[in-house]
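Remarks on the structure that follows.
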Amino acid sequence: MGAGIAQVSACSGIPVVMVDVQQDFLDKGLATIRGSMDRLVSKERMTAEKVEQSIGLIRATIGLENLSDCDLVIEAIPEIPELKFTTFSELDSLCKEDAILASNTSSISIDEIAGHTGRPDKVIGMHFMNPVPIMRLVEIINGSKTS
């Protein structure tokens, strides 16, 4: 999901910081993005030039601290509640105070996730449909304190 979210964001002209815990995962994500875009080129839905422009907007890196200047952080990690809670707690301490923290969760309460931050008003759900580059639909979920 994360690779698809990064792809559609970059193809829309939005700079992306793609973070994972291992370089192998980042490499796999970038390869997935490249493969998806190459298929779009072969179907004449995208130009090779647009692929290179979009790939150029993606910075792949290890470490959540690299998200400190982002305005919107979209989390797409496994549906393990404790992992999401600790990740959002860490994001809360690292990201600028006006950053919006979004979860791609499909099953965990946004209020529960937001409760692990000091900014429940800035936490939302962004549930992308799979596969993200094909399904042009995202569900936005607010929590009870989302502004």
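Descriptive notes on the structure:
- Compared with the direct C-alpha span, the chain from Ser93 to Ser107 gains 2.6 nm at full extension, assuming 0.36 nm per residue.
- The phi torsions of segment 48-55, fed into the Karplus equation with coefficients 6.51, -1.76 and 1.60 and a -60° offset, translate into couplings of 4, 5, 5, 4, 5, 4, 5, 4 Hz, rounded to whole numbers, with Gly and Pro shown as x.
- Summed side-chain charge close to Asn130 - residues other than Asn130 whose Cβ falls under 14 Å, Lys, Arg +1, Asp, Glu -1: -1
- Cα centre as origin, Lys/Arg/Asp/Glu Cβ charges: segment 64-147 dipole, Debye: 260
- Report note on the peptides 49-59, 122-132: ranked by the mean count of other C-beta atoms within 10 Å, highest first, their order is 122-132, 49-59.
- Electrostatic dipole magnitude of the chain [Cβ: Lys, Arg +1; Asp, Glu -1; Cα centre; debye, to 20]: 560
- Burial ranking of peptide ranges 110-117, 64-71 (average Cβ count within 10 Å, highest at the top): 110-117, 64-71
- The candidate values were (i) 304; (ii) 141; (iii) 100; the one computed from these coordinates for volume of the Cα convex hull per residue in Å³ carries the label (iii).
- Put simply, the amide H of Ser103, placed in the peptide plane, has neighbours under 5 Å in Glu75, Ile124, Gly125, Met126, leaving out anything fewer than 5 places away on its chain.
- Using a Gaussian network model of the chain in which every pair of alpha carbons under 10 angstrom is joined by a spring, one finds that among Pro133, Pro15, Pro78 the greatest mean-square fluctuation is at Pro78.
- Evaluating 6.51 cos²θ - 1.76 cosθ + 1.60 at θ = phi - 60° for every residue in segment 4-20, the Karplus couplings come out as x, 5, 4, 4, 5, 5, 5, 5, 8, x, 9, x, 10, 10, 9, 10, 9 Hz, glycine and proline recorded as x.
- From its DSSP helices (H runs of at least four residues, each -39,500 (n - 2.57)), the chain gives a residue-normalised ellipticity at 222 nm of -12000 deg cm²/dmol.
- In this simple spin-label model, placing a label point 7 Å from the Cα along the Cα-to-Cβ direction at both Thr61 and Ala48 gives a separation of 3.1 nm.
Any read-out appearing in this document is the output of simple, stated calculations on the displayed coordinates, not a laboratory observation. All figures in this text were calculated on a predicted structure; none of them were measured in a lab. Quick reminder, even Gly has a Cβ in these numbers, built from the backbone with ideal geometry, and neighbours come from all protein chains shown.
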